[in-house]
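Participant: A single structure is presented below for examination.
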Amino acid sequence: MTVAALSQPNFFQAKKGIASWLFTLDHKRIGLLYLYSIGFFFIVAAGLGVLMRLELLNPGRDLIDAQTYNQVFTLHGVIMIFLFIIPSIPAVFGNFALPLLLGTDDVAFPKLNLISWWLYVIGALFALFTLFYGDGPADTGWTFYAPYSVRTGTNVSMTVMAAFVLGFSSILTGLNFIVTIHRLKTPGMGFNQMPLFAWSLYATAWIQLLATPIIGITLLMIVAERVLGIGLFDPSIGGDPILYQHLFWIYSHPAVYIMALPAMGIVSEVIPTFAQRTIFGYKAIAYSSMAIAFVGYFVWGHHMFTSGMSGPAGFIFSILTFFVAIPTAVKVFNWVATLYKGSISIEVPLLFALAFIFNFSIGGLTGLVLGALATDVHVHDTHFVVAHFHYVMFGGAGFAFFGALHYWFPKIWGKMYNKAMANLAFILLFIGFNLTYFPMLIVGIMGMPRRYYDYLPEFHEMNMLSTFGSWIMITGLIIMIINLVVSKQRGAKVSGNPWNGITLDWQTSSPPPLHNFDKMPVLPEGGPYNYPDAISTHEEKEKKDDE
Amino acid sequence: MNASNFVEGVDFTMYLILGISVFFLVGITAVMIYFLFRYRKKNNPVATNITHNNKLEVIWTVVPTILVVIMFYYGWAEYKPMLRAPKGAMEIEAIGQMWKWTFVYPDGKMSDSLVVPLDKPVKLNLVSKDVLHALYIPAFRVKQDVTPGVNNMMWFTAQKLGTYDLFCAEYCGQLHSYMLSTVTVLESSDYNTWLVTQPDLSDEHPGLTILKKNACLSCHSRDGTRLVGPSFKGLLGRNEVVIRDGNETELMVDRDYIIESIKIPNAAIVKGYLQGLMISYETTVSDEEIDQIINYLESLK
Ligand code: HEM
Ligand SMILES: [Cu+2]
Ligand SMILES: [Cu+2]
């Protein structure tokens with residue numbers, strides 16, 4: 001019965017009232033504001049996903065007409081990309097955990113942080129607004145390819161403005177994290193003592209800062225073309241549709257790393273904690289994040305192999321794409337090696353992290369098929385691609401997000417969720433996910449194009465299987481969400497450090513006090529994951545002496 | 001025999017990459033599961049901090065590097081021949097427009113579905129009349145974007161008799177998933193007979209030919225069915241409620257309204273239909289052609 005930890009009120013108790021949330025400058029509260037808003041949009045878009053799967057259960061019309069289907073996949077894609085997965089881990093867990101991991105009391109610019117969230121809300125309202133006036137939400141696909149996006153009568157301008165505003169939210173978050181990481185690390189912590197999640201946010205932040213303006217200006221160009229009739233991308237008024245594709249993917253390929261790198265950071269936190277040993281290859285993981293972020297800028301052309309690209313351009317974009325695969329593979333090996341001689345507790349966050357490795361490997365390996373020129377020609381723009389990016393973004397980044405949620409849940413609320421329910425939800429999600437998307441890989445190789453409202457009978461079985469999978473998956477999601485919401489109210493209280501982690505976030509009480517730490521956190525001796533109770537091998541000591 | 005000359009190379013690359021992928025996926029997963037149980041807290045109460053192992057790390061960087069270079073190489077080698085059609089290939093123009101394919105053969109004949117002779121290189125010159133499309137023949141492993149203002153081409157040699165699916169693979173609006181057709185591969189002699197017996201277009205009302213050529217009929221039916229746009233049946237003289245500058249007005253469809261609808265389609269949209277789906281044909285359809293269209297529409301009572 002120690003009550004010493006109660007010296008300060010926690011960040012929930014520190015202030016009360018709605019305004020204390022909407023205008024908070026506390027990074028933890030802003031993280032939670034993001035969690036609730038992003039969570040809301042994820043649920044909406046997941047519903048749209050399940051609706052599409054229902055429509056694709058049988059060939060022909062099941063529920064909705066072709067035009068509605070086109071608007072649904074566009075809205076689903078726009079929400080999932082711009083309102084869910086791009087902000088997800090950085091905005092929610094970056095905000096909540098980065099200052100804790102660095103042992104500091106907030107991000108560098110708390111007001112800017114609040115503005116980011118408000119920009120997110122405004123962008124989100126723009127996107128929702130398209131539902132209620134004119135000819136309804138855009139029907140262009142989330143890629144807004146010209147010249148169709150210039151000509152269609154649906155609300156493309158508004159949708160594009162939503163993405164534009166959201167871009168600013170992302171830029172400001174990135175800027176904030178870069179400065180925070182440079183300036184606010186606790187005394188004694190250098191870059192190489194930083195937890196890997198911080199490293200991954202750092203690499204991500206540079207992409208957010210440098211790549212997002214390009215999509216901003218490109219989207220404005222679409223609006224200019226639609227409203228003012230300036231011929232930029234539509235050839236019938238003198239524009240160049242291929243230019244649009246280049247500009248779009250110069251941002252949107254690096255954006256894939258905005259989704260993937262933070263997820264990799266989460267996995268790099270979770271695995272050492274549950275293996276109770278140091279991460280294998282700290283530097284390899286940290287620096288490969290930077291390498292991926294850098295090389296990732298130069299591979300965008302792999303989305304355009306069938307656009308009439310010249311041979312030499314195809315050659316270069318293809319080989320660079322293969323080179324990005326190497327640091328990614330190295331990370332996977334490092335994570336698996338971190339389990340070796342660990343002392344492992346199989347808890348839900350770890351299961352999500354391992355499911356990330358499995359799903360993300362499928363996403364990456366199918367990416368090789370798309371990076372190779374000859375095979376890309378065949379499967380480009382088919383359901384193979386749909387499966388590939390869901391494996392990366394949902395099975396990868398999405399699962400890491402859920403893992404992070406289960407990992408920091410006790411830190412955020414000071415309570416534990418029902419573990420049996422969490423396990424059940426995980427299993428349903430994992431099975432449902434693979435049953436939904438694996439058949440899409442097959443039907444894609446068989447030749448079914450994507451964005452197809454209707455399909456030929458030969459594709460029926462695989463589509464049926466996929467739709468069944470979506471039912472299992474959605475059941476898992478619902479159980480997971482209910483479990484977390486209920487546990488947040490009624491879960492059993494836990495100590496500040498239920499997983500026995502040694503990064504600084506576990507050195508404060510749960511929920512943390514407003515200013516994070518009652519007393520200066522102590523850096524673990526010999527690196528952020530150097531578990532004091534684990535044995536250090538003899539050879540390892542010798543090597544260290546050599547260095 | 002494979003359906004086309006590209007099948008062997010593409011499939012080989014596919015099996016190579018998928019083979020390596022399955023090997024790694026199974027390997028990683030098996031090791032992961034093994035470690036998970038072998039080093040559970042119960043079995044291994046005290047962990048060991050292993051920070052790195054230079055030899056291992058060099059191996060698992062170098063091996064994937066070699067493998068990806070091999071995969072890249074086959075991808076490139078099997079793709080390169082697609083870039084240039086052999087000299088003397090038979091040239092067919094493939095026209096994509098919302099939401100219909102038209103194929104124009106060397107002697108000027110046209111068809112909705114592609115017919116090609118066996119064992120003869122065929123080069124498709126790809127033309128788009130409106131937005132992006134992509135011509136995709138899965139059985140032949142070929143696909144190429146059909147982009148307005150860009151002269152793309154694709155080629156193949158069909159090696160097996162039969163009929164294969166042909167899809168539009170690049171999203172092009174409402175009826176994208178219905179923009180499909182077929183490729184039929186015939187013996188050379190059958191191909192020539194087919195070409196000769198293709199109905200001669202001059203038998204048709206010239207107005208109908210123009211409607212077909214511009215794919216008007218993929219959105220406007222001739223029998224009263226509602227498609228993307230209003231049906232042509234009984235159009236002339238019909239009373240329609242239209243939206244002009246945001247206001248509803250009623251008008252009787254006459255010559256002037258039809259001319260306006262062809263040249264500035266979005267000026268007045270019949271109530272209940274979507275704006276922006278039809279593009280202006282001002283530059284593609286001449287005034288004489290419009291006369292012929294109107295003449296034909298008069299016959300569609
Ligand atoms: C409940 C879960 C989900 C289901 C059932 C689902 C299902 C689908 C389906 C059926 C399509 C359309 C395929 C087509 O016709 O081309 C689609 C497209 C897409 N999905 Fe999902 N999805 C889910 C979750 C996600 C998540 C978590 C993300 C991203 C993080 C995501 C991102 C996308 C994107 C970007 C598209 C492409 C939209 C476009 O073509 O413009 N989805 N999804
Ligand atoms: Cu990419
Ligand atoms: Cu299409």
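Derivation of every value follows stated rules applied to the coordinates shown; laboratory data play no part. Just so it is clear, the structure is predicted and the values come from calculations on it, not from any experiment. Cβ atoms come from the backbone with ideal geometry, glycine included; neighbour counts cover every protein chain shown.
Participant: Would you kindly derive the ³J(HN,Hα) couplings of the stretch B:7-20 from the backbone phi angles with the Karplus curve 6.51 cos²θ - 1.76 cosθ + 1.60 (θ = phi - 60°), listing them in order in whole Hz, with x for Gly and Pro?
Facilitator: For the stretch B:7-20, the Karplus-derived couplings read 4, 4, x, 5, 5, 4, 4, 4, 5, 4, 5, 5, x, 4 Hz, x marking Gly and Pro.
Participant: Also: Between B:Arg38 and A:Ala492, what's the calculated FRET efficiency when r is the beta-carbon distance and R0 is 30 Å? Round to 0.05.
Facilitator: E between B:Arg38 and A:Ala492, to the nearest 0.05, is 0.45.
Participant: Enter the angle in degrees (range 0 to 90, nearest 10) between the Cα long axis of helix B:188-197 and the first principal axis of the Cα atoms of chain B, meaning the one along which they spread out most.
Facilitator: 20
Participant: Would you calculate a helix-derived [θ] at 222 nm for the protein assembly as shown, using -39,500 (n - 2.57) for each DSSP H run of n ≥ 4 and dividing by the full residue count, to the nearest 500?
Facilitator: -17500 deg cm²/dmol
Participant: Calculate the length of the line joining the C-alpha centroid of the stretch A:214-290 to that of the stretch A:333-349, in whole Å.
Facilitator: First find each Cα centre; the distance between them is then 30 Å.
Participant: What does the structure give for A:349-359 when I average, per residue, the other chain Cβ atoms found within 10 Å of the residue Cβ?
Facilitator: Across A:349-359, the average partner-chain Cβ count within 10 Å equals 1.
Participant: While we're on this one: Applying a 10 Å radius around every beta-carbon, put A:165-173, B:12-20 in order of their mean neighbour count, most first.
Facilitator: A:165-173, B:12-20
Participant: Please list, in order along the stretch B:79-90, the HN-Hα scalar couplings obtained from phi with the Karplus expression 6.51 cos²θ - 1.76 cosθ + 1.60 (θ = phi - 60°), rounded to whole Hz, x for Gly and Pro.
Facilitator: Taking θ as phi minus 60°, the curve returns 8, 3, x, 5, 6, 10, 7, x, 4, x, 5, 6 Hz for the stretch B:79-90.
Participant: Kindly flag which residue pairs out of A:Lys493/A:Lys519; B:Lys87/B:Lys143; B:Lys271/B:Lys301; A:Lys341/A:Lys488 have an alpha-carbon separation exceeding 31 Å in this structure.
Facilitator: Where the Cα-Cα span goes over 31 Å, the pairs concerned are A:Lys341/A:Lys488.
Participant: Sticking with this one: Give the separation of the Cα centroids, the stretch A:114-187 to the stretch A:468-504, in Å.
Facilitator: Answer, in whole Å: 29.
Participant: Same structure, new question: Give a residue-ordered list of calculated ³J(HN,Hα) values for the stretch A:333-341 (Karplus: 6.51 cos²θ - 1.76 cosθ + 1.60, θ = phi - 60°; whole Hz; x for Gly, Pro).
Facilitator: For the stretch A:333-341, the Karplus curve yields 4, 4, 5, 5, 5, 5, 6, 5, 6 Hz.
Participant: Related question: At 7 Å along the Cα-to-beta-carbon direction for both A:Asp518 and A:Leu125, put a label point, then send me their distance in nm to one decimal.
Facilitator: With each label placed 7 Å out from Cα toward Cβ, I get 4.1 nm.
Participant: Not counting the cut sites, what is the longest span of chain A without trypsin sites (Lys or Arg not before Pro) that DSSP labels loop and that have at most 16 other Cβ atoms within 10 Å?
Facilitator: It runs A:62-518.
Participant: Amide H to amide H, which residues 5 or more places from B:Val146 or on other chains are under 5 Å from it, using H placed in the peptide plane?
Facilitator: Result for B:Val146 returns B:His133, B:Ala134, B:Leu135.
Participant: Give the angle, between 0 and 90 degrees and rounded to the nearest 10, that separates the Cα long axis of helix B:287-298 from the longest principal axis of the Cα atoms of chain B.
Facilitator: 80
Participant: I've got another one for you. Using the crude model of +1 on Lys and Arg Cβ and -1 on Asp and Glu Cβ, and no other charge, please compute the dipole size for chain B relative to its Cα centre, in debye to 20.
Facilitator: For chain B, the charge dipole is close to 2020 debye.
Participant: Straight-line reach only, C-alpha to C-alpha below 20 angstrom: list the aspartates and glutamates that B:Lys41 could link to, leaving out same-chain residues fewer than 8 apart.
Facilitator: Output for B:Lys41: A:Glu269, A:Glu347, A:Asp533.
Participant: Which residues' amide hydrogens lie under 5 Å from the amide hydrogen of A:Gly141, considering only partners 5 or more residues apart or on another chain, with H built in the peptide plane?
Facilitator: Result for A:Gly141 returns A:Thr74.
Participant: Also, I was wondering about something else. What residue among B:Trp76, B:Trp194, B:Trp60 shows peak mean-square fluctuation when chain B is described by a Gaussian network model with Cα springs under 10 Å?
Facilitator: Per the Cα network of chain B with a 10 Å cutoff, B:Trp60 tops the list.
Participant: To check you understand DSSP bridge types, tell me what percent of the beta bridges within the stretch B:90-201 (both residues inside) are antiparallel, rounded to 5.
Facilitator: 70
Participant: What pairs in A:Lys28/B:Lys55; B:Lys55/B:Lys80; A:Lys15/A:Lys415 have C-alpha atoms more than 31 Å from each other?
Facilitator: Check vs 31 Å cut-off fails for A:Lys28/B:Lys55; B:Lys55/B:Lys80.
Participant: Relative to the first principal axis of the alpha-carbon coordinates of chain A, what is the inclination of helix A:241-275, with its axis defined by its Cα atoms, in degrees from 0 to 90 and to the nearest 10?
Facilitator: On a 0 to 90 degree scale, this one is about 30.
Participant: Okay, moving on. For peptide B:29-41, compute the average count of partner chain beta-carbon atoms within 10 Å of each residue's beta-carbon.
Facilitator: For this peptide, the per-residue mean of nearby foreign Cβ atoms is 6.
Participant: Show the residues, 5+ positions off or on another chain, whose built amide H is closer than 5 Å to the amide H of A:Val494.
Facilitator: When sequence neighbours closer than 5 places are left aside, the close amide H contacts are A:Lys415, A:Met416.
Participant: If packing is taken as the mean number of other Cβ atoms within 10 Å per residue, what is the order of B:244-252, B:108-116, highest first?
Facilitator: Packing proxy ranking, top to bottom: B:108-116, B:244-252.
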